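Working notes, beginning with the structure itself.
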Amino acid sequence: MNLHVTGTQAAADGFVCRATDSLWTAIERALDNGFGLVFVTGGDGEALGRLTLGDLRQALREGAHLGNASLSGIVRPGSLDDADSPVAPVLDARRRIVGIEKRPGAAFLPVAEPDLSHAELRNLMDAFLSTWISSTGDYITRFETSFAARTGMSHGVATSNGTVSLHLALAALGIGPGDEVIVPDLTFAASANVVIHLGATPVLVDGDPLTWCVSPEAIERAITPRTRAVMPVHVFGRPAPMTEIRDLALRHGLFVIEDCAEAHGASYDGQPVGSFSDVASFSFFANKIVTTGEGGICVTNDADLARRMRMLRDHGMRPERRYWHEEAGYNFRMTNLQASIGCAQLDRMDAFLNMRRKVHEGYEAALGHLPGIAFPPPMPSRHAPVTWFSCALVPAEARPRLIEACRQANIDLRPFFHGLSSMPAYRRYARKCPESARLSACGINLPTSRKVDAQTTARIAEIFASVLTGGGG
Ligand SMILES: Cc1ncc(COP(=O)(O)O)c(C=O)c1O
């Protein structure tokens, strides 16, 4: 509650419910404003209190009906003053809400948050009420078709996560013992794990200093007579030079499996990532640009391969002959519930990309002048990156202090992945990867969500400045 506005003030629209509104209205509004709460007003417009999604969930658990016109019965007296609220109402002399003040630091700011609106909730309820809650249902088909189309591909095969989609792609291409697959050293471990689980060997390749992805030259140097496939990863939303990688793979008779887990919407040479390879895989984990909670998809233009992936995804069972297994397959299926969330997310994908780009630009403006802080190098014009996590490079020795100082201020920062070669699980495959080691030592992921505004970036800049100039942390 604030009569004297100190922070960023915004319009109260979307944050206010009347005491006579239903629980459902409050839930939708709390989702749509992105802060997970609403302020409740009485008959004269006076502020009565605050309701968080946690309060609304508790009311449901205690038996309240979604359609009940009774927010007044739920709202706690005094809740307007809660110090841990990320937003507070600005009140006039008659306690009417005239605006909203955002208060960065009041509540924990995670590095990533799923952006879930009333649209995802309505789809999810629809899927639930249809009773098609397993892996058959309208949303699955719609999600597969829409996602493949968005990537410019003919077939989409949705899976339970972005690790098994990589696994499925490699398995369908027949990768197995004795085969080598070229994988970047700087990636999330899943990219290499699936190769190992199929009995093949990941050949770890260093990243390029400009793109951070594997370069065609580095791939070419790693090719041996046993190489069967290459798995470029568009790390942190930065697209690898796919035209050249595809041409190189063609010349050497190699499969290409693009790992697009972190790069929904990125493109190279005007073509979306995921459209350059035999199979491309995406993840829809909750920290990804588009999420289904857990989830993944394989996209391809090859109808036979799509058929084979569908069969392997479903225990290796022939679709037209129930319980007849051509080979030992897997259960890698996505549920209709997951897909229902995904359909709503896909409709909002352009807005997500826009929001993420603006958040990253905000960090560049706020932190760019600080000593020792750098941002990912701008990519040549053929690469069109997206922001997954906003990334910055900081002095390696200062990174733990920066992370700790932000943690003290309720702000979550994450270090980059460790280079795979540096970890015990991949010792057998380790190679010298100096670029990956450098990035891994200096890189941080900054909170990237619609909660991040100019006030947040200014606050982080203040903390960074204090740590980097020896004043704190
Ligand atoms: C590059 C990369 N590949 C694969 C995955 C695995 O995806 P999932 O978490 O959906 O299994 C991730 C997810 O974090 C990733 O970042």
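The values are calculated or read from the model by the stated rules, or taken from the named source; none is laboratory data. Every value quoted in this text rests on a predicted model; they were computed, and no experiment measured them. Using ideal geometry, Cβ is built from the backbone for each residue, glycine included, and neighbour counts are taken over all protein chains shown. These accessible areas exclude ligands, DNA and RNA; they are computed on the full protein's heavy atoms, side chains included. Shrake-Rupley method; radii C 1.70, N 1.55, O 1.52, S 1.80 Å.
At a 1.4 Å probe, what is the % contribution of carbon and sulfur to the accessible area of region 349-468? Mind dumping the intermediate values first?
Values: 3040 of 5480 Å².
That share works out to 55 percent.
With N set to the residue count of the chain, report its C-alpha Rg divided by 2.2 N^0.38 Å to two decimal places. Provide the component values of the computation, followed by the final result.
Values: Rg = 24.3 Å, N = 473, 2.2 N^0.38 = 22.8 Å.
Against the compact-globule rule of thumb, the ratio is 1.07.
Provide, for the chain, the number of lysine pairs with alpha carbons under 24 Å apart, each pair being eight or more places apart or on different chains.
Going through the chain pair by pair, I get 5.
Take each of the peptides 410-421, 216-227, average the number of other beta-carbon atoms within 10 Å over its residues, and list them starting from the highest.
Packing order, densest peptide first, comes out as 410-421, 216-227.
Ranking request for peptides 121-127, 178-184: highest mean number of other beta-carbon atoms within 10 Å first, then the rest in descending order.
On the way: 121-127: 17.7, 178-184: 23.4.
Descending packing order for the listed peptides: 178-184, 121-127.
Quick check: Cα centre of region 379-408 to Cα centre of region 125-152, how many Å?
35 Å
First compute the accessible area of region 8-102 with a 1.4 Å probe, then give the percent of it belonging to carbon and sulfur atoms.
The nonpolar share, carbon plus sulfur, comes to 49 percent.
If I take the Cα coordinates of region 349-473 and project them onto the principal axes, what are the three extents in Å, biggest first?
If we take the Cα atoms of region 349-473, the spans are 47, 39, 24 Å.
In whole Hz and in residue order, list the ³J(HN,Hα) couplings for region 317-334 that follow from phi through the Karplus curve 6.51 cos²θ - 1.76 cosθ + 1.60, θ = phi - 60°; x for Gly and Pro.
Each residue of region 317-334 in turn: 8, 5, x, 9, 9, 4, 6, 10, 9, 6, 8, 6, x, 9, 9, 10, 7, 8 Hz.
Tell me the mean residue ellipticity at 222 nm calculated for the chain from its helices only (DSSP H runs of n ≥ 4, each -39500 (n - 2.57), averaged over every residue, nearest 500).
Calculated from helices alone, the mean residue ellipticity at 222 nm is -10000 deg cm²/dmol.
What is the local net charge at GLU46, summed over the other residues whose Cβ is closer than 14 Å to its Cβ (Lys, Arg +1; Asp, Glu -1)? Working shown, then result.
Numbers: positive: ARG18, ARG50, ARG94, ARG95, ARG96; negative: ASP44, ASP92.
The answer is +3.
Taking the highest mean first, how do the peptides 423-433, 457-467, 284-294, 11-21 order by number of other beta carbon atoms within 10 angstrom per residue?
284-294, 457-467, 11-21, 423-433
Given region 240-344, what percent of its DSSP beta bridges are antiparallel, to the nearest 5? List each step's numbers first, then the result.
Details: 8 of 12 bridges.
Taking every DSSP beta bridge within region 240-344, about 65 percent pair in antiparallel fashion.
For region 445-468 and region 275-335, what is the separation of their Cα centres, given in Å?
Computed from Cα coordinates, the inter-centre distance equals 39 Å.
Averaged per residue, what accessible area in Å² does the chain show with a 1.4 Å probe, protein chains only?
42 Å²
What percent antiparallel are the DSSP beta bridges of the chain, to the nearest 5?
Within the chain, antiparallel bridges account for around 65 percent of the total.
Among the DSSP beta bridges whose two residues both lie in region 118-347, what percent are antiparallel, rounded to the nearest 5?
Details: 14 of 29 bridges.
Percentage antiparallel, nearest 5: 50.
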